[in-house]
Structures are given as structure tokens and as C-alpha cells.
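Novice: So that we are looking at the same thing, I have put the structure below in C-alpha cells.
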Amino acid sequence: RKILMHSRNLCRPLPERQALESFETILHSPAVRIERIVSHGHASPADFWYDQEEAEWVLLVQGSALLAFADGRETALEAGDYVHIPAHCRHRVVQTDPNMPTVWLAVFYLEHAQDNASEKGVSACTGR
């Protein structure tokens with residue numbers, strides 16, 4: 001059986017500025033989905049909240065961003081920062097860097113398959 005390997009760079013090439021953020025699935029399996037998200041000064045609509053079935057671990061690779069959570073907390077992210085967002089933790093993107101592309105690496109997974117890893121790190125909704 002031949003195994004195919006695929007190698008690319010998360011930061012290049014980047015999509016041009018568009019009206020909406022760019023979402024690219026890098027890897028998908030029944031247990032996990034990994035996406036590259038590119039924002040050019042984008043933000044969630046003021047009345048919109050993400051409320052996802054999956055947990056999300058997100059790394060800000062380039063740029064900066066501000067996330068808001070339904071409980072009123074906000075988290076500023078710069079390149080190299082990451083956050084774990086449990087399933088159904090309502091959140092939104094308040095802003096991303098307007099002067100350069102913001103590149104995110106997002107890993108989505110079902111929490112029951114995670115083996116309670118949220119207890120080992122900081123969870124955005126519980127602060128634990």
C-alpha cells in the first residue's frame with residue numbers, strides 16, 4: 001500500500017483579501033478536522049455566536065485577534081497563542097488584524113474522544 005504524504009506551508013500562499021474569511025480543510029477524519037483560517041480584518045457579526053458541536057483547539061499562527069465569550073470574557077491572541085474552546089462554548093471573533101493577514105490553525109474534535117484533555121489545559125469557557 002502506497003502512503004501519500006502532503007507538505008505545505010500554513011503562511012504561504014495566502015488568499016487575497018475577500019469579503020469573507022477563507023476556510024481551508026487541511027485534514028479530515030471521523031474523529032478530527034483541521035482547518036487553516038485566514039482573516040483580513042474580519043470579525044463575526046455583532047449578533048452572531050459560534051455554538052459548535054465539536055470542541056476546538058485554535059493556534060494563532062500569524063497576526064492578532066480578539067475573541068469574546070458569551071459570559072463576557074475576552075481573550076486577546078497574538079502569534080503563537082492558542083486557546084481551547086469546549087463544545088457549545090459560545091464565542092465570536094471581535095476583531096482580527098486589519099493591517100496583515102491573520103492565520104489560524106483550528107483543530108476540531110469530539111470531546112468524548114479527547115479523554116478529558118481539557119482538565120490538563122486552560123479551557124476558554126471554564127477558565128480551568
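Novice: Can you pull out the residues in segment 46-56 that are surrounded by 19 or more Cβ atoms within 10 Å (Cβ to Cβ) and of a type outside the set (Asp, Glu)?
Specialist: Scanning segment 46-56 gives a single hit, Ala55.
Novice: Tell me yes or no: at least one residue of segment 49-71 is over 15 Å from the mean Cα position of the chain (by Cα), under 19 Å from Gln95 (Cβ atoms), modelled with pLDDT of 95 or more and not acidic (Asp, Glu).
Specialist: Among the residues of segment 49-71, at least one is over 15 Å from the mean Cα position of the chain (by Cα), under 19 Å from Gln95 (Cβ atoms), modelled with pLDDT of 95 or more and not acidic (Asp, Glu), which makes the answer yes.
Novice: Moving on to the next point. Report, ordered by the first and then the second residue, all pairs with beta carbons closer than 7 Å, sequence separation of six or more or different chains, a first member in segment 50-67 that is farther than 21 Å from Pro30 by Cα and outside any strand (DSSP E or B), and a second member that is aromatic (Phe, Trp, Tyr) and open to solvent by less than 40 Å² (accessible area, probe 1.4 Å).
Specialist: Filtered contacts from segment 50-67: no entries.
Novice: Restricting to segment 27-59, what's the tally of residues that are touching an Asp or Glu at 6+ places or on another chain (Cβ under 7 Å) and over 17 Å from Thr102 (Cβ atoms)?
Specialist: 1
Novice: Related question: For the subset of segment 17-30 comprising residues that are assigned to a loop (DSSP other than H, G, I, E, B) and free of Cβ contacts under 8 Å to residues at least 12 places away in the same chain, which member is most open to solvent (accessible area, probe 1.4 Å)?
Specialist: If we take residues in segment 17-30 being assigned to a loop (DSSP other than H, G, I, E, B) and free of Cβ contacts under 8 Å to residues at least 12 places away in the same chain, then Pro30 is most open to solvent (accessible area, probe 1.4 Å).
Novice: Let me ask something else about it. With respect to Arg33, determine if the residue is without any contact (Cβ under 8 Å) to a residue 60 or more places away in the chain and either open to solvent by 40 Å² or more (accessible area, probe 1.4 Å) or closer than 22 Å to Cys125 by Cβ (or both). Can you show your working first?
Specialist: Numbers: without any contact (Cβ under 8 Å) to a residue 60 or more places away in the chain: no; either open to solvent by 40 Å² or more (accessible area, probe 1.4 Å) or closer than 22 Å to Cys125 by Cβ (or both): yes.
Spelling it out, it is not the case that Arg33 is without any contact (Cβ under 8 Å) to a residue 60 or more places away in the chain and either open to solvent by 40 Å² or more (accessible area, probe 1.4 Å) or closer than 22 Å to Cys125 by Cβ (or both).
The values are calculated or read from the model by the stated rules, or taken from the named source; none is laboratory data. Note that this is a predicted model, so its numbers are computed, not measured. Virtual Cβ from ideal backbone geometry, glycine too; neighbours counted across all protein chains shown. Calculation scope for accessible area: heavy atoms of the full protein, side chains included, ligands and nucleic acids excluded. Shrake-Rupley method; radii C 1.70, N 1.55, O 1.52, S 1.80 Å.
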